[in-house]
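The values are calculated or read from the model by the stated rules, or taken from the named source; none is laboratory data. Not measured: the values here are computed from a predicted model. Every residue, glycine as well, gets a Cβ built from its backbone with ideal geometry; the counts of neighbours run over all protein chains shown. The protein model used for the area step is the full one, side chains on, heavy atoms only, and it has no ligands, DNA or RNA in it. Shrake-Rupley method; radii C 1.70, N 1.55, O 1.52, S 1.80 Å.
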Amino acid sequence: MEPTKSAQQQVQIAPRQAPGRQQMPGPQPGGPQQAMNTILARMVNLSVGAMKAESLDKAANIIVNQMHTLVKNERAVLVPLTGKQRVFCISGDLEPSQDNPFSQAVHEVRKAFRGRPEPRVITSDTLPEGSKMPYSEKALEAMGGTSVLWAPLPHPGGESRYALWLERWKKKPWAEEEIKLLNHALVFFGYALGVPRTQKVKPTVKKRTFGLLAVLAFFFIMWLPIPSRVNAPVQVVPDHPYYVFAPFDGIVEDLAIQPGEKVRKGDLIFRYDTRVLEKQLEEAQRGGLAVALAELARLEGAGYADEEARARIPVQKLEVERKRAEVAFLKKQLALSEVRTDADGVVVLDDPDALIGASLQTGQLVLSIAEPDRTKLRVMVPVSDAGLLQEGASVMVRLDSDPLRSIDARVERVGFDVLMSDERIPSILVESVWDGKADVTPGQRGTARIEGTKTFLGMQLFRKPLMALRDLIGI
């Protein structure tokens, strides 16, 4: 350590240097000996600083960022000679990139001069003939002509592991004295980068331990038992509404109500066009029943003297009864032409305009009348989630009209038939009822979350991705 102390004392005697990047020391007023002492002191300080660095990264940054104090350069790069990494660090504390034209150029030079321990100056004119180094050629032609000093660092264990890439721009040459000076410094730099450092072992062990604990915690959390959950679209529908069916075949003439209108028992809903019925009734009364009664009177008058007429009287009476039944049926049909409700509630009808003038068939559903306070839920659950459902499961409903409000319900019935939902997804129908009183009007839509059977958190999270993967690979 004696030479080191002497060098440090000489640094104190040397004149203070101006801040910033320093030029190659030249003749000083103190004479050549003092200039040489200054350079040696800088080299010793730089080497000692690199050796005392806590980590390899810090040692490398000290070398590349303070290299200009020994020899003038525009850019200094530390290049690893082994491994996939192309650039270890760059002067100016820049983040090195491993995939850009400059790193490609460094890789080409490293590949061409690996295994040659002596420093060499590389320019566009000194590249090996016939070598395919397109990125290096572009890098050396840039900045008005770049002159690179390639200097492998000796390693204490033998083969070099790092090399310095020092650039000068605008075709500035490298002097032989500078290369000789740098040759002496390279021994110290190689030793500084080759010193074993134990400070990195502890963080690596801690990092691996933390990673192992994180993996174990992840698998532990994935095996936590939780109830499975199924999300599906839901619609609020009337519960046990009163349905109005067409009493007979006919055409609707007038609609007396509107969708959402409150009606009471006995209120008129719609009426038929009765012109055909009235004509049929008139024909049945005049042309049917009247003729049958007249024929019966004639037969009864002739029956006193005519045995054949007397024998036809019972048949004619049956004909009269048939005509009377036909007239009574038409009168009843005419009475039913005004359809009235038998329940109180609100009219549920999608398109009232399509009903006016429509031809109805006997028993056809026309509309329904529901009580606003009696509603239930119609949930269309995709077939892939059907196996997770069970009757009595809790349901949380969020309607689109109030997405921040949740309403509790429970599953009342799980269907079996596969239907197509409004989203054109094969689904099964699940009916649910409210747990309490819910002030919700029919027709609203939203999303229902149904609590299903017990499962694991990992299965709940990755079940659908696993299904997609199974379908993709065909197992």
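Annotations for the structure displayed:
- Ellipsoid semi-axes for the range 274-356, based on the Cα gyration tensor and the rule √(5λ), read 44, 12, 7 Å when sorted largest first.
- Given charges at Cβ of Lys, Arg, Asp, Glu: the range 382-466 dipole, positive-most of 409, 436, 465: 465
- For the chain, the longest principal axis of the Cα atoms and the long axis of helix 176-194 meet at an angle of about 60 degrees.
- For the set 207/464; 132/172; 58/180; 84/132, the pairs lying more than 22 angstrom apart at their alpha carbons are 207/464; 132/172; 58/180.
- In the chain, helices alone account for a calculated mean residue ellipticity at 222 nm of -12000 deg cm²/dmol, with every DSSP H run of four or more residues adding -39,500 (n - 2.57).
- Note on surface exposure: 137, 54, 319 rank 54, 137, 319 by accessible area, highest first, 1.4 Å probe.
- Only Lys, Arg, Asp and Glu carry charge here, each on its Cβ (+1 for the first two, -1 for the last two); on that basis the chain has a dipole of about 4120 debye about its Cα centre.
- Residues 270, 462, ordered by accessible area of protein heavy atoms at a 1.4 angstrom probe radius and largest first, appear as 462, 270.
- C-alpha long axis of helix 56-66 to longest principal axis of the chain, angle in °: 60 degrees
- Entry for the chain at q = 0.11 Å⁻¹: log10 I(q)/I(0) = -0.98, Debye formula applied to identical alpha-carbon scatterers, no solvent contribution.
- Total charge dipole magnitude, the range 342-440, about the Cα centre, Cβ charges on Lys, Arg, Asp, Glu only, Debye to nearest 20: 280 debye
- Label positions at residue 253 and residue 218, each projected 7 Å from the Cα along the C-beta direction, are separated by 7.7 nm.
- Going by accessible surface with a 1.4 Å probe and the largest first, 51, 459 read 459, 51.
- Once the Cα atoms are used to define both axes, helix 307-335 deviates from the longest principal axis of the chain by about 40 degrees.
- Packing-based ranking of 399-412, 149-162 yields 149-162, 399-412, ordered from highest to lowest mean Cβ neighbour count within 10 Å.
- Within straight-line cross-link reach of residue 454, aspartates and glutamates at Cα separation under 20 Å, skipping those fewer than 8 residues along the same chain: 385, 391, 408, 412
- Taking 0.36 nm per residue of separation and subtracting the Cα-Cα distance, full extension of the segment from residue 453 to residue 420 would add 9.4 nm.
- Compactness of the range 320-473 as Cα Rg over 2.2 N^0.38 Å, two decimals: 1.55
- Whole-angstrom gap from the range 223-280 to the range 432-475, using each part's C-alpha centre: 30 Å
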